[in-house]
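To start, the structure itself, in structure tokens.
Throughout, read-outs are computed from the coordinates displayed, never taken from laboratory work. Source: prediction; values computed, not measured. All Cβ positions, glycine included, derive from the backbone under ideal geometry; neighbour counts span all protein chains shown.
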Amino acid sequence: MVCTDDPITEEIEEGSAPIARGRGIFIASALDGSDAHTLLSVVFINGKYKGSTLELQGSYALFERVAEVAVVGGTGKFRLARGYATFEILYNDSLRGYLLARSNMTVLHY
């Protein structure tokens with residue numbers, strides 16, 4: 001099990017200003033270690049969505065370059081959100097504990 005509280009930035013460059021935090025857990029859910037079950041809250045801390053959240057959940061294929069999980073809800077400006085999010089691993093430095101991923105989210109909300 002891994003717990004996370006990582007910055008989410010608008011730009012891909014290291015040191016870019018954060019717009020949200022990715023807070024959640026990844027739990028190994030496949031006997032061979034290839035998948036994790038993901039529960040992730042995207043907590044917006046800056047900009048026009050400050051104070052709102054998106055809630056993501058699903059099976060995350062750890063060894064795939066691109067993984068997809070469901071957007072199952074949200075708060076604030078994202079109340080009743082539904083959709084999906086993709087995560088593409090761009091860089092992984094396991095010695096530093098540093099991983100860079102690009103995410104695209106398609107969200108429907110009221």
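Structure values in brief
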| read-out | value |
| --- | --- |
| Among the residues listed as I45, I25, the single one being among the hydrophobic types (A, V, I, L, M, F, W, C), free of Cβ contacts under 8 Å to residues at least 60 places away in the same chain and in contact with a Gly (Cβ under 9 Å, 6 or more places away or on another chain) | I45 |
| Total residues in segment 64-89, condition surrounded by 11 or more Cβ atoms within 10 Å (Cβ to Cβ) and either aliphatic (A, V, I, L, M) or under 11 Å from the mean Cα position of the chain (by Cα) (or both) | 14 |
| Among the residues listed as S29, S59, the single one being closer than 22 Å to V107 by Cα and hydroxyl-bearing (S, T, Y) | S59 |
| Subset tally (residues that are over 10 Å from the mean Cα position of the chain (by Cα) and free of Cβ contacts under 8 Å to residues at least 40 places away in the same chain) for segment 90-110 | 13 |
| Residue in segment 50-62 that is in a loop (DSSP other than H, G, I, E, B), polar (S, T, N, Q) and in contact with a helix residue (DSSP H, G or I) (Cβ under 8 Å, 6 or more places away or on another chain) present | yes |
| Matching residues in segment 18-49 - criterion: being assigned to a strand (DSSP E or B) and among the β-branched types (V, I, T) | I19, I25, I27, T38, V42, V43 |
| All positions within segment 2-17 that are exposed (fewer than 11 other Cβ atoms within 10 Å of the Cβ), part of a loop (DSSP other than H, G, I, E, B) and of a type in the set (A, V, I, L, M, F, W, C) | A17 |
